[in-house]
Amino acid sequence: MQDDDTTHGPLAGFTVGVTAARRAEELGTLLKRRGAAVLHAPALRIVQLADDSELLAATKELIGHAPDVAVATTAIGFRGWIEAADGWGVGDALLETLRGVELLARGPKVKGAIRAAGLTEAWSPGSESMAEVLDRLLAEGVAGRRIALQLHGEPLPGFVESLTAAGAEVVVVPVYRWMPPQDIAPLDRMLDVTAARGLDAITFTSAPAAASFLGRAETRGLLPEILGALRDDVLVACVGPVTALPLQARGIDTLQPERFRLGPLVQLMCARLPAAARILPVAGHRVEIRGHAVLVDDELRAVPPAGMALLHALARRPGWVVARADLLRALPGTGTDEHAVETAMARLRSALGVPRLIQTVVKRGYRLALDPAADTKYGR
C-alpha cells in the first residue's frame, strides 16, 4: 500500500480515543500531527498525596528505619515524593536515607530523576521492566531485607507478593492515588462511541485507566458491547505490558511497542491502522476506506457517519447489489423510511467527489462500481 502520508498523514481518516489523565495533551498532539481525529476522555484523575497521611507515614518510617533497597518506578513519582518530603521539612533526611541504600531505577527517565536529586542509582534494567527488577532482587536474595517500593498508582501484580514470599519486608510508598474523573460525562461519551464502533483505535497509558474504563462500562451495563467492540473492531493500543493486563484479563488483544514510550506507540499505530484499511479499485479509482474518511486516489475525503455506514455496507460485498432495506439497517438509528437511504447516499456521493463510484440499480439498490478486472478477486 502506498499513499501520500506527507499530505494527509498516516492516521488521517481515523478516530483515536485517548484515556490518559497525565500526558494526554502530548499524546493527543502526536496523534493529531499524523492526521488522526482525537477523542479525549480521562478514565481517571491523579491526586497528589502531598497532604496524605499514608505517604507521610511511609516516608517517616523509612527515615527512622532505613531500607536495604529502594526501588523507584517512575520519574514523576520519584520527583513527587522528594517534593512532598521537602514540603513536610524532611526532604534532606529522606535524601540522606536514600543515599545510603541500594537504589534501583526502573528506566532512564527514573535515573534522570534520581540524579537530579543528587543521588546515584546502583542499577537499572535494560528492558525497563519491573519483572527484570524482581528477578535481580530474588537472585540476590531478599530474605530478611527491607525493601522500599515507590509506586505511581500502577498495580504491580505479584511483585510485592513475590518479595514477601521470599522473606523480604516490603514498605510501599504510594506517591499518587488514582481517583475517578471529576466529570464522568466525557468518559461516558467515549464508552458510547466505542460501543457504537465509532473509534478506530483506543489508547491506554496506565493499567488503572484501563481498569477504570472497563469498570465504568460494567457499571453502566455496557461491558458486553464494549468487549465486543474492542475484540472485533477497535484497535487497542497500550504503552506497555503492565498497562495491558486489565484488558488481557478480559480476553482483549492489545498492540504494544517494543519501547514503552508514547512516540513508539504512535509510530506503531501509524503502521497498523492504515494497513487494516480496505482498498478497492472502483470505477478506475483507488478507494481506501478508513474510519471516518476515504482516500480517493490519495485525496482525503471526509464522509459523514451515515455515509460511512453505507459505504462499509457496500464494501462488505463490493460489486454486488445491496438492497435498500439492508442499507437502511446499516444506518445509525432505527428508522423505517427507505428515503433516508437515498438522502444519505446523495450526501455520500457528494462527499466522495466522484458520484459514479456508487451505481444505482433501479428497483434493487446500490453497488460499488468495482472495476471489471477485480470482479473475481473482490466480487465473490
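A few points about this structure:
- Local electrostatic count at LEU235 - Lys and Arg +1, Asp and Glu -1, tallied over other residues with Cβ under 10 Å: -2
- Surface share of carbon and sulfur [accessible, 1.4 angstrom probe, percent] for region 169-223: 51
- Part-to-part distance (alpha-carbon centres) for region 252-327 and region 82-113, which is given in Å: 49
- The chain - percent relative contact order, Cα under 8 Å, separation 6 or more: 15
- Across region 238-380, the mean sequence separation of Cα contacts (distance under 8 Å, 6 or more residues apart), normalised by length, yields a relative contact order of 20 percent.
- Average Cα contact separation per residue, region 305-344, under 8 Å, 6 or more apart, as relative contact order %: 43
- Relative to the compact-globule estimate of 2.2 N^0.38 Å, the Cα radius of gyration of region 105-248 comes out at 1.27.
- nm² value of the averaged projected area, convex hull over the Cα atoms of region 95-183: 7.0
- Efficiency of FRET from Cβ geometry, ALA271 and LEU138, R₀ 45 Å, rounded to 0.05: 0.75
- Whole-number accessible area per residue in Å² for region 160-228, which is evaluated in the context of all protein chains at 1.4 Å: 41
- Alpha-carbon spread of region 246-380, three principal axes, descending order, Å: 55, 36, 28
- Shown for region 275-323 is the translational diffusion coefficient from the Stokes-Einstein equation, using the Kirkwood radius over Cα pairs, a temperature of 10 °C and a viscosity of 1.306 mPa s: 143 µm²/s.
- Scattering from region 157-236 was approximated by placing one identical point on each alpha carbon and applying the Debye formula without solvent; log10 I(q)/I(0) at 0.12, 0.18, 0.20, 0.22 1/Å stands at -0.48, -0.79, -0.88, -0.99.
- Rounded to whole Å, sorted largest first: equivalent-ellipsoid semi-axes of the chain, Cα gyration tensor: 52, 20, 17
- With helices as the sole contributors, the chain gives -13000 deg cm²/dmol at 222 nm; each DSSP H run of n ≥ 4 counts as -39500 (n - 2.57), and the sum is divided by every residue.
- Approximate spin-label separation ALA165-ASP297, in nm, with each point projected 7 Å along Cα-to-Cβ: 6.4
- Kirkwood radius, region 1-133, all distinct C-alpha pairs, inverse of mean reciprocal distance: 17.5 Å.
- Only aspartates and glutamates eight or more places from LYS109 in sequence, or on another chain, were considered; those with a Cα closer than 20 Å are GLU25, GLU26, GLU83, GLU121, GLU128, GLU132, GLU154, GLU258.
- Virtual paramagnetic centre 7 Å along Cα→Cβ of ILE63, amide N under 17 Å, in region 76-106: 79-101
- The convex hull around the C-alpha trace of region 232-302, projected and averaged over every direction, spans 5.8 square nanometres.
The values are calculated or read from the model by the stated rules, or taken from the named source; none is laboratory data. This is a predicted model, so every value here is computed, not measured. Cβ sites come from the backbone with ideal geometry, for glycine too, and all protein chains shown count toward neighbours. Areas reflect the complete protein model, heavy atoms only, side chains present, ligands, DNA and RNA absent. Shrake-Rupley method; radii C 1.70, N 1.55, O 1.52, S 1.80 Å.
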